[in-house]
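Worksheet: the structure to be examined is printed underneath.
Computed from the coordinates by the stated procedures, all read-outs in this text should not be read as laboratory data. All figures in this text were calculated on a predicted structure; none of them were measured in a lab. Note that each Cβ is placed from the backbone with ideal geometry, even for glycine, and that neighbours are counted across all protein chains shown.
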Amino acid sequence: MVSAAMEGFALDGVGFAAEGRTLLHEVSLTLAPGRVVGVVGHNGSGKSTLLKLLARQQAPSAGALRLDGRDLSSWSSRAFARMVAYLPQTPPSAGALKVRELVACGRYPWHGALGRRTARDRDAVEAALQLADVGAFADRLVETLSGGERQRVWLAMLVAQEARYLLLDEPIAALDVAHQVEVMALARQLGHARGLGVAVVLHDVNIAARYCDELVALRGGRLLKRGAPADVVTAEGLADIYGIPMAVMPHPDGGWPVSFVR
Amino acid sequence: MGPAVMVLGLGLLAVLLSAQSLTARIEGGSLLGAILSPSGMGELVVHFSWLPRLLVSWLCGAALGLAGVLMQQVLRNPLASPTTLGVSAGAHLALVAATLAVPGLAGLGREAVALAGSGVAAALVFSLAWNKGLAPLAVVLAGLVVSLYFGALGAALVLFNQSYLAGLFIWGAGALSQQDWSVVLRLGPLVVASGVAAALMVRPLALLDLDEAGARGLGVPLVGLRLAALAVSVVLAAAVVSAVGVVGFVGLAAPALATLAGARTFGARLVWGPLIGAVLLWFADQLVQVLAGLYGDLVPTGALTALFGSPLLLWLLPRLKRDVRPPRMAAPVREPRARHPVGALIAMVAALGVLVLPALLLSHDAAGWSLDLSGALLEWRWPRVLAALAAGALLAMAGTITQRVTGNPMASPEVLGLTSGAALALIVVVMALPGADRATEIAAGAAGAFLTTVGLLWLTRRAAFAPDSILLAGIALGALFDALVVAVTASGDPRAVTLLAWLAGSTARVGSSEALTGLVAVVALGAAAVPFARWLDLLPLGAVTAGAVGVDVKRARLLLLVLTALMTATATLIVGPLTFVGLLAPHLARLAGFPRALPHLLAAALVGALVMVGADLLGRTLIYPRQIPTGLLATLIGAPYLLWRLRRL
């Protein structure tokens, strides 16, 4: 068993450089299960890079990156995929797969190349289809769906993966506001009801403030600020992050901060 | 090393060689004199032979480089080359047919005939892919089918008329020798005009690096642009092929070398591709002339180009950046799905069962057609039927795996190069140990295939066996070995004929032990593929997604490549390389509606087996008492069916 103190992602001075350009400088932070963490920052601030490092899609060029106390590189592929599910910014073409088949791909870390597909796998796929609200077109080809529907299908695949951590790179960029809310509510539900650790890269600070427990702000590849939405989404904080004057007021319904451009 | 350094380096070597070949020929005359007013034997030779040949090597190299860059940009595929659209196969077929019909033709209308053949082939490809808006996948598939079909027709004609066609072998490998300036005067303006046309299209073509929607969104007229660019490269390729024969490797290697040397943008590739093509061919051709002094004038330039281009390609391969290429354009067609996949598979098994009966029992002899129910002939028939079935299934499965792992519809087991490795080992044994028995030959072939596979894996290990690295390395190795094989066969050695029959895919010499080996291999390797089915479903989604759900992508690619190598080597050693089955049976199975990995594998294996057993039956009976090699006939009966399916797509 992993001790509570070790549990989660721990980044210690993690940096990443590619082709002589440093994209991420000495980032140190921890990500614990049961919380939804929003990653915000200007374009090119290193948000996606941070997520790729966490997802082990790229290896850090400096520092130590651990999951549950073990270095990321020491995890086997499948064991890691049982722990961490990752949705890239632009999901690939799904070829001629049907929705249910694509979602079932998420079960690979559990049954592997040889293991039998059990009732447990089928149940997880069905539950994921319902949870992501894509059950209605489970038997259609992924490529025939609209952009928003496709995005939710990929999300369903991640849900079916039943990992302990979800890493979502701009999951709501292609969605209308109703589906944005739906996806973020789903992320929050997974985080709080199922105790998953969720890290979401978001451009919309207001959505981030509304649905995340915690925000991580990056600027120019450095960790700028980390804290509760009310602490990060302030007029000064946003000016720091985006470099333009912004103002904040409390939301009339729940008091969480709402920002707008001045 | 930038592309300029590469051009200068190769150019310098070529200049040194040229100086040597020039001094050997000019016999004390002056170059200026030879150019302006040749007098004396030496200056005349230089004026009418050496100089035009020099210019032809520049022009052909540049033309092929340019055509290759255009073709690869439009078709979004590093395997595309000027001959992808069937140009050289069409020219070859037309030449063979014309030479047989009008034997006196040899010197006179050769170019016109070759040009006509190229044109017919390219026109056929365009018409097949036209209603798909010349989408890359459609063009590539149509090009492959037409190429293979015309190639098989040509090869069949050659096989039955060897004695008349010896000279064509040399043409087939690319011979640049010239007697006057006519070729230069014809090619020169064409290459310049094509270069101008390509330069005019550089901006819209560069936008093809975006995906299809992005390019269209920027106002690129996709169909018109594709037609124009493909037409330019077809014209160039046809002109070169009709003038000097097939120098195929330059068209594929020059764009790849330009990219590897650092020509990142399309504009840069358009400049450096033709230049690299020109110096590569120049260097190779000068070397040929130096060697010709030593070994006679029989080493074809085309073969030598591959001999020097391949190592260069392999040396630069580690510079291939992973995932720098944009995502491939989405499939242009909605792939069909079988409504009752299990039923369809059972029907295919039943069809195979039905087909095996006449394959075993039907005879065609002097007395006409008869069904032999006594079983007397069974003893000789079953090995070849079984071998055909096994080889067809094995290569179809190997092709399916290769295409799924690389995500490239032009990939076949042969692009991994091990077929060529086996062929080379085989020919070495045939030459070095005359009278070696079949077991020795097979052992040699197996060793060749094994060493090639090891080489391929070693060369691409650092790239984590990434698809484009594997394909380029395989192509380079294959071209290298093919060049050696061509050099041997073009020398007209009678022993090469054995190899020619083997290269056409023949079941005639198969014994019972080999047939049983094939059966065991189908069962064992087919069963070994089943556990990998999930990898084969996941890998086409890309390395990121496959990795994110827990596939160890590097290990998966390695194991699948080794499995492919085993399947290909076994099948190839039993009946020879069967391009059609390995390349197109997977497509046939997909188009029949089996997009998922496991049914796709099974359906492809069944299609492969069906085509091969059918081809064996027809090859044995159709033109009794002669036999048509099974591999050739498989293409001749399979290709029309695939053409028909493509039309309906």
Notebook entry, point to check: With contacts defined as alpha carbon pairs under 8 Å and 6 or more residues apart, what's the relative contact order of segment A:40-158 in percent?
Noted result: 27 percent
Checklist line | Cα-projected label distance for residue B:380 with residue B:559, points at 7 Å along beta-carbon direction, nm | finding: 4.6 nm
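May I ask you to sort A:16, A:137 by Cβ crowding, counting other Cβ atoms within 10 Å and putting the fewest first?
Working: A:16 23, A:137 17.
Neighbour counts put them in this order, fewest first: A:137, A:16.
Checking the a/c ratio against 1.5 first, then a/b against b/c, what shape does the Cα gyration tensor give for segment B:341-648? Please report the intermediate quantities before stating the final value.
Values: a/c = 1.98, a/b = 1.22, b/c = 1.62.
Because a/c hits 1.5 or more and a/b fails to exceed b/c, segment B:341-648 counts as oblate.
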Checklist line | Cα-based helix-to-principal-axis angle, B:136-160 vs chain B, degrees rounded to 10 | finding: 90 degrees
Item checked: Separation between Cα centres of segment A:1-55 and segment B:390-438, rounded to whole Å -> 47 Å
Note to self: Run the reach check for residue A:47 against aspartates and glutamates, Cα to Cα strictly under 14 Å, same-chain hits fewer than 8 apart removed. What comes back?
What the structure shows: A:26, A:169, A:170, A:204
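At 0.36 nm per residue, minus the direct Cα-Cα distance, what do residue A:236 and residue A:253 gain on full extension? Give it in nm, one decimal, please. Walk me through the intermediate numbers first.
Working: separation 17, 0.36 × 17 = 6.12 nm, distance 2.33 nm.
Difference between extended and current length: 3.8 nm.
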Notebook entry, point to check: Any idea what the relative contact order of chain B is, in percent, if you count C-alpha pairs under 8 Å spaced at least 6 apart?
Noted result: 19 percent
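Once a ≥ b ≥ c are taken as the square roots of the eigenvalues of the Cα gyration tensor of segment B:389-480, is the result rounded (a/c under 1.5), prolate (a/b larger than b/c) or oblate (a/b not larger than b/c)? Can you show the working numbers first?
On the way: a/c = 2.75, a/b = 1.60, b/c = 1.71.
Since a/c reaches 1.5 but b/c is at least a/b, the shape of segment B:389-480 is classed as oblate.
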Check: When the dipole is taken about the Cα centre of segment B:341-648, and only Lys, Arg (+1) and Asp, Glu (-1) are charged at their Cβ, what size is it in debye, to the nearest 20?
Finding: 740 debye
Next item on the list: Taking amide H positions as placed in the peptide plane 1.01 Å from N, state which residues far from residue B:135 in sequence (5 or more) or on other chains have amide H under 5 Å from it.
Entry: none
Next item on the list: Take the alpha carbon atoms of segment B:239-269, find their center, do the same for segment B:587-645, and report the distance between the two centers in whole angstrom.
Entry: 33 Å
Notebook entry, point to check: What size of dipole, in debye to the nearest 20, comes out for the protein assembly as shown about its Cα centre when the only charges are +1 on Lys and Arg C-beta atoms and -1 on Asp and Glu C-beta atoms?
Noted result: 980 debye
Next item on the list: Please give the helix B:553-575 orientation as an angle from the longest Cα principal axis of chain B, in degrees from 0 to 90, rounded to the nearest 10.
Entry: 80 degrees
Next item on the list: At a Cα cut-off below 26 Å, give the lysines reachable from residue B:554, other chains included and same-chain residues fewer than 8 away excluded.
Entry: A:52, B:321
Notebook entry, point to check: Simple spin-label model, 7 Å along Cα-to-Cβ: residue A:189 to residue B:520 in nm?
Noted result: 5.7 nm
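To make sure I understand, if each residue's beta carbon is the centre and we count other beta carbons within 10 Å, what order do A:99, B:250 fall in, fewest to most? Show your work: numbers first, answer last.
Details: A:99 27, B:250 33.
Placing the least packed residue first, the sequence is A:99, B:250.
Looking at the protein assembly as shown, send over the antiparallel percent of its DSSP beta bridges, to the nearest 5. Write down the numbers at each step before the final one.
Details: 29 of 47 bridges.
For the protein assembly as shown, the DSSP antiparallel bridge percentage is about 60.
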Next item on the list: Excluding residues fewer than 8 places away in the same chain, name every one of the lysines whose C-alpha is closer than 28 Å to that of residue B:132.
Entry: A:98
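Of the peptides B:472-480, B:78-86, how do they stack up when ordered by the mean number of other Cβ atoms within 10 Å, highest first? It would help to have the intermediate numbers written out before the result.
Details: B:472-480: 26.0, B:78-86: 28.7.
Going by the mean number of other Cβ atoms within 10 Å, highest first, we get B:78-86, B:472-480.
With a Förster radius of 56 Å, plug the Cβ-Cβ distance of residue A:130 and residue B:362 into 1/(1 + (r/R0)^6) and report the FRET value to the nearest 0.05. Could you put the intermediate results ahead of the total?
Working: r = 58 Å, r/R0 = 1.03.
Once the sixth-power term is evaluated, E becomes 0.45.
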Note to self: With angles folded into 0 to 90 degrees, how steeply does helix B:182-200 sit against the dominant principal axis of chain B? Use alpha carbons for both and round to 10.
What the structure shows: 80 degrees
Notebook entry, point to check: If each residue's Cβ is checked for other Cβ atoms within 10 Å, how do A:107, A:82 rank with the fewest at the top?
Noted result: A:82, A:107
Check: To the nearest Å, what is the center-to-center distance of segment B:454-477 and segment B:337-361, using C-alpha atoms only?
Finding: 37 Å
Notebook entry, point to check: Peptide A:96-109: average number of partner chain Cβ atoms within 10 Å per residue?
Noted result: 4
Item checked: Of B:574, B:608, B:248, farthest towards positive along the dipole that unit charges on Lys, Arg, Asp, Glu beta carbons give chain B -> B:608
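Determine the shape class of segment A:113-226: with a ≥ b ≥ c the square roots of the Cα gyration tensor eigenvalues, call it rounded for a/c under 1.5, and otherwise prolate if a/b is greater than b/c, oblate otherwise.
Prolate shape, in that a/c is at least 1.5 and a/b is the bigger ratio.
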